[in-house]
C-alpha cells in the first residue's frame, strides 16, 4: 500500500510506531485522522464551541476532500485547450445533522467543482441542463464577450462556452439567469482558479467557499457552511503541516447578506485581492467580502495546535460557519 504525504501529515507525531501501524492497518489510519498526537480535536458527541449546527452524520473526515484540496493544472501543459463538462442537476443535499436542501447544482454538489487552468489556456466548457428550469453559465474575469453566458439554456438543452482563462487569480462562476439571486441561493456556483505564468511558491493549497442555505423556506439564509454543509470543519478540522506555507482561496457566495468576513484566530495572513497580484494588498486577520467577492490569502501556522476560523458576523458563525485548522 502506498502512503501519501497527506496521510503522513495526518498522523504526525506517531514516529516509527505510527508509520508501522499505518503500513499494516488502514482502520488505525482512519482513527488517527480524528486524534492527532498533541492536538486535541473535538469529539463528535462533545459540546460544540460557538454554534450548534453540525454536518450530516453520514459525512466522514474525508467527505469534503474534493472541495477542500484543489487539483493543480499541469504547468507543462500551458496554452492548451481544456475541455470540461458541467451538468446542471436538481439534487437534495444534506446541509446539517437534521436538515436537507433541495439544491440546484453543477454536478451534484454545492459548491460546484473547482476548475483550474493556466493563464492563456482555452477553456471549452459544455453545459448540459438536466433540470426543468432554464439555466446558464457565467464566468467572472476577462474573456471573450461571446462566452459571457447570459443566454438561457432550456431544460434538456446544451451550450458550449469557449473562453481564454485569465487574468491569473481566482474567479467565480455561477448561473446568471434572472432572477440570478434565486439561482445562486439554490446552489449554482463554484470557482475557477487561474494560475500565473511560472506558477507560485509551493504551498499547501485549500479552498474555502462560504455557502448559505434557506433551510426553513422563509426566503433568507439561516444555515451556513464552508464548502457546503454546516459545521463540517468544526467536526473535522483542516489539517496542515506546522510552519508550511498555506494558500487559501476564499470566496463568499451568500447572496442575501450584504457583507461577510473571514477571521483566523491567533495568526495573521497576507491578502491578495482576487488573487490577481504577485504582491499582497495587506496583512490582516480579518478579510471582508461582499456577495461573490473572493481573495487569495497566505499564512503559516507556526505552532502545533488548533486555530479557529469563522465570519465575524455572529449569526453566520453560530449557524454553521465556524471551523478549525489543526497544525500538526
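The values are calculated or read from the model by the stated rules, or taken from the named source; none is laboratory data. These numbers come from a predicted model, not from an experiment. Note: ideal-geometry Cβ built from the backbone for every residue, glycine included; neighbour counts use all protein chains shown.
So how many residues does the range 98-132 have that are surrounded by fewer than 18 Cβ atoms within 10 Å (Cβ to Cβ) and out of contact with any strand residue (DSSP E or B) (no Cβ under 7 Å at 6 or more places or on another chain)?
Of the residues in that region, 2 qualify.
Name the strands (runs of 3 or more DSSP E) wholly inside the range 111-199 in which the number of residues that are under 22 Å from residue 92 (Cβ atoms) is 3 or more.
So the answer is 122-129.
Residues are listed down the side, and each one gets a yes or a no for (1) over 23 Å from residue 80 (Cβ atoms); (2) under 21 Å from the mean Cα position of the chain (by Cα):
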{"site": "131", "(1), (2)": "yes, no"}
{"site": "157", "(1), (2)": "yes, no"}
{"site": "164", "(1), (2)": "no, no"}
{"site": "169", "(1), (2)": "no, yes"}
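Can you tell me which of 174, 183 is closer than 30 Å to residue 271 by Cα and in contact with a helix residue (DSSP H, G or I) (Cβ under 9 Å, 6 or more places away or on another chain)?
174
Does residue 254 satisfy the criteria of being in contact with a helix residue (DSSP H, G or I) (Cβ under 9 Å, 6 or more places away or on another chain), surrounded by 22 or more Cβ atoms within 10 Å (Cβ to Cβ), in contact (Cβ under 8 Å) with a residue 24 or more places away in the chain and farther than 23 Å from residue 313 by Cβ?
Considered against the rule, which asks whether it is in contact with a helix residue (DSSP H, G or I) (Cβ under 9 Å, 6 or more places away or on another chain), surrounded by 22 or more Cβ atoms within 10 Å (Cβ to Cβ), in contact (Cβ under 8 Å) with a residue 24 or more places away in the chain and farther than 23 Å from residue 313 by Cβ, residue 254 comes out as no.
Look through 85, 81, 105, 114 and report the one residue that is closer than 30 Å to residue 135 by Cα, at pLDDT below 95 and assigned by TED's automatic domain parsing to the domain that holds residue 168.
The unique qualifying residue is 81.
Which numbered condition in (1) at pLDDT 95 or above; (2) under 20 Å from the mean Cα position of the chain (by Cα) is the only one that residue 183 fails?
(1)
Checking residue 219 against (1) in a loop (DSSP other than H, G, I, E, B); (2) surrounded by 23 or more Cβ atoms within 10 Å (Cβ to Cβ); (3) outside the structural domain of residue 92 (by TED's automatic domain parsing), which test does it fail?
(2)
Conditions (1) over 22 Å from residue 197 (Cβ atoms); (2) buried (at least 20 other Cβ atoms within 10 Å of the Cβ), marked per residue:
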site: 144; (1), (2): no, no
site: 149; (1), (2): yes, yes
site: 152; (1), (2): yes, no
site: 156; (1), (2): yes, no
site: 161; (1), (2): yes, yes
site: 164; (1), (2): no, no
site: 178; (1), (2): yes, no
